[in-house]
1. Pick out the one residue from L177, L145, L140 that is under 15 Å from Y22 (Cα atoms) and aliphatic (A, V, I, L, M).
2. Among the residues of the stretch 105-124, write down those that are farther than 16 Å from L200 by Cβ and within 13 Å of ligand 2 (Cβ to nearest atom).
3. Which of the residues that make up the stretch 7-45 are in contact with a Lys or Arg (Cβ under 6 Å, 6 or more places away or on another chain) and within 26 Å of S159 (Cα to Cα)?
4. What are the pairs, 6+ residues apart or on separate chains, where a residue within the stretch 104-118 that is in contact (Cβ under 8 Å) with a residue 12 or more places away in the chain has its Cβ under 9 Å from a residue that is surrounded by 24 or more Cβ atoms within 10 Å (Cβ to Cβ) and among the hydroxyl-bearing types (S, T, Y)?
5. For residues in the stretch 109-132 being more than 11 Å from ligand 1 (Cβ to nearest atom) and out of contact with any strand residue (DSSP E or B) (no Cβ under 7 Å at 6 or more places or on another chain), which is nearest to A78 (Cα to Cα)?
6. Which residue is nearest to P101 (Cα to Cα), if the candidates are limited to the stretch 148-182 and must be touching a His at 6+ places or on another chain (Cβ under 9 Å) and either near ligand 1 (Cβ under 9 Å from one of its atoms) or of a type in the set (A, V, I, L, M) (or both)?
7. Could you list, in sequence order, the residues of the stretch 181-199 that are among the hydroxyl-bearing types (S, T, Y) and surrounded by 15 or more Cβ atoms within 10 Å (Cβ to Cβ)?
8. Mind telling me which of the residues P47, P84, P9 ends up being within 21 Å of Y114 (Cβ to Cβ), modelled with pLDDT of 95 or more, in contact with a strand residue (DSSP E or B) (Cβ under 8 Å, 6 or more places away or on another chain) and not hydrophobic (A, V, I, L, M, F, W, C)?
Amino acid sequence: MKKPLTHAPDVTLRGIGVHRGYLGPDAQRRLVAELDAVISAAPFRTPETRFGPMSVRMTSAGAYGWIADRRGYRYEPAQPDGRPWPPIPATALAAWVELCPDARAPECCLVNCYGAEARMGMHQDRDEADFSQPVLSISLGDDALFRVGNETRGGKTESLWLSSGDVLVMGGEARRLYHGIDRVRPGSSTLLPRGGRINLTLRVVT
Ligand code: MD3
Ligand code: FE
């Protein structure tokens, strides 16, 4: 007999597994408390690109953090001030173990902070060495309009509103898809004391 898929996604969008409300209210509050410790040890910074500052602020947890400055984009084993990145929150690690049981341990938890005006243009995640490893995303706070495209820039896209507690798993072919965040819906959640949206992505980097 085949084992039942206890953790099957609610929906699959171009190969992305969508687990709606995977984190319930208690787990979301626990993760916010764990994130307070991350942000105390590694404050949000504004990434710089060739084209100017990003509207999303970022920090990281884990063995590596993702850095963007005028020199480019890369993973670094320490913060710009030399301090190590703090540990990945336990609640996020538990989601990885349950939803990505065959994957290696995550080496980075990238934490993205969206205010009312923040957005993230269409891009591919390709600073990691091993594309056979999945990426897992956790949404917290205000709703956001997620857009997914194709393995190359352009072409038809599909959109999905993400809510607090939703988890996405990008494995296999889906790992190479272009994607972005078009906008957030300010005031749609009361989870975060300062409002806005936080997204965590767990990644294998090496
Ligand atoms: C599909 N973050 O950090 S999460 C990112 O909501 C990023 O902050 C967005 O894109 C956010 O790189 C979207 C959903 C997501 C994350 C990684 C992916 C979708 C993905 C990697 C490959 C394909
Ligand atoms: Fe991305």
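The values are calculated or read from the model by the stated rules, or taken from the named source; none is laboratory data. As the structure is a computational prediction, the values presented were derived from the model and not from experiment. Because the Cβ atoms are built from the backbone with ideal geometry, glycine has one as well, and the counts that use them run over all protein chains shown.
1. Result: L140 is the single residue among L177, L145, L140 that is under 15 Å from Y22 (Cα atoms) and aliphatic (A, V, I, L, M).
2. At the first step, the residues of the stretch 105-124 found to be farther than 16 Å from L200 by Cβ are 115-117, 119, 121-124.
If the condition is that a residue be farther than 16 Å from L200 by Cβ and within 13 Å of ligand 2 (Cβ to nearest atom), then R119, G121, M122, H123, Q124 are the ones that fit.
3. Here is the first cut: in the stretch 7-45, the ones in contact with a Lys or Arg (Cβ under 6 Å, 6 or more places away or on another chain) are 10, 44.
Hit for the stretch 7-45 is D10, nothing else.
4. Listed by first residue and then by second, the contacts come to E107/Y64; C108/S60; C108/Y64; C109/S60; L110/S60; V111/S60.
5. Our first condition is that a residue be more than 11 Å from ligand 1 (Cβ to nearest atom); within the stretch 109-132, this holds for 115-117, 129-130, 132.
Within this subset, residues satisfying the condition of being out of contact with any strand residue (DSSP E or B) (no Cβ under 7 Å at 6 or more places or on another chain) are 115, 117, 129-130, 132.
Values: G115: 26, E117: 29, A129: 18, D130: 21, S132: 25 Å.
Applying the filter and picking the extreme gives A129.
6. V169
7. Within the stretch 181-199, S188, S189 meet the criteria.
8. On the way: P84 fails: within 21 Å of Y114 (Cβ to Cβ); P9 fails: within 21 Å of Y114 (Cβ to Cβ).
Going through P47, P84, P9 in turn, just one is within 21 Å of Y114 (Cβ to Cβ), modelled with pLDDT of 95 or more, in contact with a strand residue (DSSP E or B) (Cβ under 8 Å, 6 or more places away or on another chain) and not hydrophobic (A, V, I, L, M, F, W, C): P47.
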